[in-house]
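Chemist: Here it is, the structure, as structure tokens.
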Amino acid sequence: MGENLLDIENLSVIYRTDDAYIYAVNGVDMSVKNGETLGLVGETGAGKTTAALAIMKLLPERIGIVKSGKITLAGIDITRATEHEMEAIRGNAVSMIFQDPMTSLNPTITVGRQIAEVLQLHEKGKSHGEISRSVDEMMELVGIPPHRKNEYPHQFSGGMKQRIVIAIALACKPKLLIADEPTTALDVTIQDQVLEMMNDLKERLGTSMILITHDLGVVAQTCDRVSIMYAGEIIESGGVEEIFDGKKRHPYTSGLFGSIPNIKIAARRLNPIDGLMPDPASLPAGCGFFERCPKKMASCGQKPPLFAARGGGHVIRCWLYGGDARQGDGSWAL
Amino acid sequence: MPKGASKRGQVQMTWSRYRKSKLAMLGLVTVSVLFFAALAIPLFKDYEMAIEQDFSSRYQPIGAGHIFGTDQFGRDIFIRMVFGARISLLVGIATVSASLVAGAFIGAAAGYYGGRLDEILMRIMDVFLAIPNTLLAISIVAALGQGITNLLIALAISQVPSFARVVRASILTVKEQDYIEAARALGTSNARIIARHILPNAIGPIIVQTTLNVARTILNISSLSFVGLGISPPTPEWGSMLADAKPQMLQYPHLILIPGAAIAITVMAINLVGDGLRDALDPRLRN
Amino acid sequence: MIRYIGQRLLMMIPVILGISFIIFSIMNLTKGDPARLILGEGATLEAIEAKREELGLNDAFIVRYAKYIARVAIGDFGRSYRTDAPVSEEIFSRFPTTFYIAFLGILFATLFAVPVGVISAVKQYSAIDIITTVVAMLLTSMPGFFVGMLLILSFALMLRIFPATGIGTWRHFILPSLSVASVTMANFIRMTRSTMLEVIRQDYVRTARAKGASMRRVIFTHCLRNSLLPVVTVVGINFGVQLGGTIMIEAVFAIPGLGTYMINAIRQKDIPAVMGSVIFAAIVAGIINLAVDILYAYIDPRVKSHYERFTKRGRRNAQRS
């Protein structure tokens, strides 16, 4: 475990609203090695963003509550860190990029000052001139001419705004970058550029990354490993090759692949997964995918499945593969 | 929800949301008590008791004989407060109903037909809105002369623009919905579309605005009466009671505290109901 | 920017024409003969007729309005029916008093309401928030003149700290200003709180938090500026309205400001005085609103570039957008 930059064990997060408890993340285990990119895949509402916000300790106050679990980032136990300690970690050891660049930047502050802010917060020794030089550097790195640093966000296009957001996130050379669907809100033509640039910068700075997406194409392009989330749980996890070669997969993962258009197979239509994710306010007793599963067995509806190890760190949480991937010490072999 | 079938469900849902707010319930209870007092007690007490002067019992303190004591003319303050409540609530509601009808008519026409008519009507409303509410009301009262009816007209006119705006805005949002298009495609007449489909769906914001305007009107009635342009003595109106009591307020503070508190409590209770309704009708607006 | 200001000033003209027309109609189309009011009950019919001719009251209504506006356009507001003094002089001699009261009142209200609103929003649902909300609710429900009376009762009559009525020293302005403040403050608090709540939930606040900025820093550097816009509007509008005469409050404190002037003029059908003060109030309110809009441009760069487009595209388009 020592080589892992990030370790998450048995994380559960609930949202408390006026009428109900929403079980957003339920017993998630996850780890990211140094320099690795982990793809976190799942449909809207699967709990991906919630898990990410838990790492940042930025869950909505009073509403989002971490019920159980331990998050260790670079040897620091985040679940026990005080708000003050977290302020030193955020933007410095771990950064996050949010989905919509249109609203991620403050409309009343110049982009240069927004990049400078993160440097001022974490590199306190630096002089004004040094910070200004770092801002220029970062802008050049993300491909925006530094002379535009005195302009306001509304003067930039969506793709350029996301580049600025990336510049902010990487300014302090964080160990881990969490990118929450960083390209979903962008035009298709821009998506590739931005993704490629992120990949390139990440390699250069030696940053690990968690890439949250629902686009398997993006995963194939950038990730080393993949975790698939469904109804707040990770239902399959493994190297990109194992998941993509498709010999043994969770029925939900197969469903995800079935709903991508494939030009090699002259299919007339996509095969979307029928039905909806269970209501996170009242989760079923058995497997969360039971209702929609094409391969369900009677017993699936009664007991939640356990992880089955497929070798090489590939695990599937499905009764089809039986077994219990728990190791002798009770931890999961992930 | 265009059809009546789901309307009941909607009312129930609104009520169950409304019930959750303690402040809104407090407001509702207070308003109910005020209405009950204003409408029921005058059945047993004579209006003359609120008017007739009795110099033998002036400035009686708060106590057993007179719950709130008596004023400088020996009149029972409690009785005057009750009749004052009746005036404020009735004039307030009548005023707001009148301006609601006029405002809804103008706003519906402007919002539904749009174009040039909308432009002209709304520019006129903007001009009215640019005149401070009290000032407009004062000049109308001054021109028409004093009296409850004229006060009612003046206050009603000064509130038409705010209703016209709310109704127009709600109609603009409902207008583009598919079921309106469907009704139009079926050849339903414009007036019928407005009355049957659009207004019922714009009702939420209108109810809220109505409630808040009743509160504001009650404040305005008392303000105008206070400067002598509203309801004049000896009619038991809260604002004119305050004006009457002003010279003796150091010796007899209860003479101003009681009517002042009555205004504040009534207005606050109605405002609480209005805010509660707003939250219950449109949970998205809640902070 | 200067072209923008020019256009906005031009746009005030139709509004002022509209307002003056409404008030002129109200004052003229009703019973009561100003000539008789000026000359008193004992005047002869001939004298009244002569006075009517002198005042131009025998012209058709619309002609009278046109003549009046033509004179106003060259700065002549006419003479008061009651005092025979030029209306503009009377207004200008009373305006400073009203201005001080309105300005101090709005200043007190803003200085108090903005911090309270911010704290209330940041600590939403806390005891402070609930108390603030209830107090704001109570203040909006109290008529300003009643607050004024309570202040007189406690600080003037009982404690004898401030004078109860009239003008003169700075002490005379404190209680009336506090009354103005109490009427407007609740509005400001609610506005600050609700915009602040909205701003706190914006994505860029989360971005700032993800940078490692503390909540305090985020509020000061990111939220305040963005939540100021709607607050500035409400403050501006209220200031404009109060400058038109803090009518009820001037009545309570017996202050010879624009408000009392207007009320007396309306009561006595002094048409030139009423018209003059209403037009004056409308112009002042218009200028304050314009000043607020200009202030916007310095708070929000998006607004500034909008103004620059505004002058290019002309008035109609900008109004639509």
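Chemist: To the nearest Å, what is the center-to-center distance of the stretch A:92-143 and the stretch A:149-172, using C-alpha atoms only?
Modeler: If we compute the Cα centre of each part, the gap is 8 Å.
Chemist: Per DSSP helix of 4 or more residues, -39500 (n - 2.57); summed, then divided by the residues of the protein assembly as shown. What does that give at 222 nm, rounded to the nearest 500?
Modeler: After summing the helix terms and dividing by residue count, I get -18500 deg cm²/dmol.
Chemist: For the stretch B:159-257, what is the per residue volume of the convex hull drawn over the alpha-carbon atoms, in cubic angstrom?
Modeler: Taking the convex hull of the Cα positions in the stretch B:159-257, it is 118 Å³ per residue.
Chemist: With +1 assigned to the C-beta of every Lys and Arg and -1 to the C-beta of every Asp and Glu, and no other charges, what is the dipole magnitude of the protein assembly as shown about the Cα centre in debye, to the nearest 20?
Modeler: Roughly 760 debye, rounded to the nearest 20.
Chemist: Can you classify chain A as rounded, prolate or oblate using the Cα gyration tensor, where a ≥ b ≥ c are the square roots of its eigenvalues, rounded means a/c under 1.5, and otherwise it's prolate if a/b beats b/c and oblate if not?
Modeler: It comes out prolate by the Cα gyration axes.
Chemist: Hey, another quick one. Given an 8 Å cut-off on Cα distances and at least 6 residues of separation, report the relative contact order of the stretch A:65-133 as a percent.
Modeler: After rounding, I find 18 percent.
Chemist: Please report, in debye to the nearest 20, how large the charge dipole of the stretch B:3-285 is about its Cα centre when each Lys and Arg carries +1 at its beta carbon and each Asp and Glu carries -1 there.
Modeler: 1000 debye
Chemist: Please sort by residue number the GluC sites (Glu not before Pro) in the stretch C:1-57 whose DSSP state is loop and whose Cβ has at most 16 other Cβ atoms within 10 Å.
Modeler: C:GLU41
Chemist: List the extent of the Cα atoms of the stretch C:1-153 along each of their three principal axes, largest first, rounded to whole Å.
Modeler: Answer, in whole Å and largest first: 74, 50, 27 Å.
Chemist: Right, another one. Assuming 0.692 mPa s and 37 °C, estimate D for the stretch C:1-62 with Stokes-Einstein, Rh taken as the Kirkwood radius over Cα pairs, in µm²/s.
Modeler: 228 µm²/s
Chemist: Of the listed pairs A:LYS33/A:LYS202; A:LYS57/A:LYS175; A:LYS175/A:LYS202; B:LYS246/C:LYS269, which have alpha-carbon separations greater than 18 Å here?
Modeler: Flagged as over cut-off: B:LYS246/C:LYS269.
Chemist: So for B:ARG184, C:ARG217, C:ARG193, fewest C-beta neighbours within 10 Å to most, what's the order?
Modeler: Fewest to most other Cβ atoms nearby, the residues stand as B:ARG184, C:ARG217, C:ARG193.
Chemist: For the peptides A:96-107, B:208-219, B:88-99, what is the packing order when you average, over each peptide's residues, the other Cβ atoms within 10 Å and list the highest mean first?
Modeler: B:208-219, A:96-107, B:88-99
Chemist: Mind giving me the nanometre distance, one decimal, between the label points for A:LYS303 and A:ILE65, set 7 Å out from Cα along Cα→Cβ?
Modeler: With each label placed 7 Å out from Cα toward Cβ, I get 3.0 nm.
Chemist: Here's a follow-up. Provide Rg and Dmax in Å for the stretch B:3-285, with only Cα atoms included in the calculation.
Modeler: So, for the stretch B:3-285, Rg and Dmax equal 21.9, 76 Å respectively.
Chemist: Could you give me D for the stretch A:1-71, from Stokes-Einstein at 20 °C and 1.002 mPa s, where the hydrodynamic radius is the Kirkwood radius over C-alpha pairs? Units µm² s⁻¹, please.
Modeler: My calculation gives 167 µm²/s for D.
Chemist: I need the per residue convex hull volume for the stretch C:87-320, using only the alpha carbons, in cubic angstrom as a whole number.
Modeler: 161 Å³
Chemist: If you take the C-alpha gyration tensor of the stretch B:133-174, multiply each eigenvalue by 5 and take the square root, what semi-axes do you get, largest first, in whole Å?
Modeler: Equivalent-ellipsoid dimensions as semi-axes: 28, 9, 5 Å.
Chemist: Based on the Cα coordinates of the stretch B:61-158, what is the per residue volume of their convex hull in Å³?
Modeler: Spread over its residues, the Cα hull of the stretch B:61-158 gives 121 Å³ apiece.
Chemist: While we're looking at this one, here's another question. Among B:PRO253, B:LEU100, A:VAL240, whose Cα lies farthest out toward the positive end of the dipole of the protein assembly as shown, if unit charges sit on the beta carbon of Lys, Arg (+1) and Asp, Glu (-1)?
Modeler: A:VAL240
Chemist: Provide the packing ranking of B:34-43, A:48-57, i.e. peptides ordered by the mean count of other C-beta atoms within 10 Å per residue, highest first.
Modeler: A:48-57, B:34-43
Chemist: Taking a ≥ b ≥ c as the square roots of the Cα gyration tensor eigenvalues, with a/c under 1.5 meaning rounded and otherwise prolate when a/b beats b/c, else oblate, which class fits the stretch A:77-213?
Modeler: Judged from the Cα gyration tensor, the stretch A:77-213 comes out oblate (a/c at least 1.5, b/c at or above a/b).
Chemist: Can you tell me the Rg and the Dmax, both Å, for the Cα atoms in the stretch A:37-77?
Modeler: 11.4, 31
Chemist: To the nearest Å, what is the center-to-center distance of the stretch A:10-31 and the stretch C:94-151, using C-alpha atoms only?
Modeler: 42 Å
Chemist: Oh, and also: Report the Rg/Rh value for the protein assembly as shown, based on alpha-carbon coordinates and the Kirkwood definition of Rh.
Modeler: 1.05
Chemist: Just checking the output field for A:150-162: average partner chain Cβ neighbours within 10 Å of each residue's Cβ?
Modeler: 1
Chemist: Please compute P(r) over all alpha-carbon pairs of the stretch C:187-276, binned at 10 Å starting from zero, and give each bin as a whole-number percent.
Modeler: In order of increasing distance, the bins hold 16, 28, 19, 15, 13, 8, 1 percent.
Chemist: Partner chain Cβ atoms within 10 Å, averaged over the residues of C:268-275 - can you pull that number for me?
Modeler: Whole-number average of other-chain Cβ neighbours for C:268-275 is 1.
Chemist: Hey, another quick one. What is chain B's relative contact order, in percent, from Cα pairs under 8 angstrom and six or more apart in sequence?
Modeler: Result for chain B is 24 percent.
Chemist: Something else now. For chain A, calculate the relative contact order in percent as a whole number, restricting contacts to Cα pairs under 8 Å that are 6 or more residues apart.
Modeler: The value is 19 percent.
Chemist: Let me ask another. Which whole number gives the average count of other chain Cβ atoms within 10 Å of the Cβ atoms across peptide B:256-263?
Modeler: Averaged over the peptide's residues, the number is 3.
Rule-based calculations on the coordinates, nothing more; no lab input. Treat the numbers as computed from the prediction; the structure is a model and nothing was measured. Because the Cβ atoms are built from the backbone with ideal geometry, glycine has one as well, and the counts that use them run over all protein chains shown.
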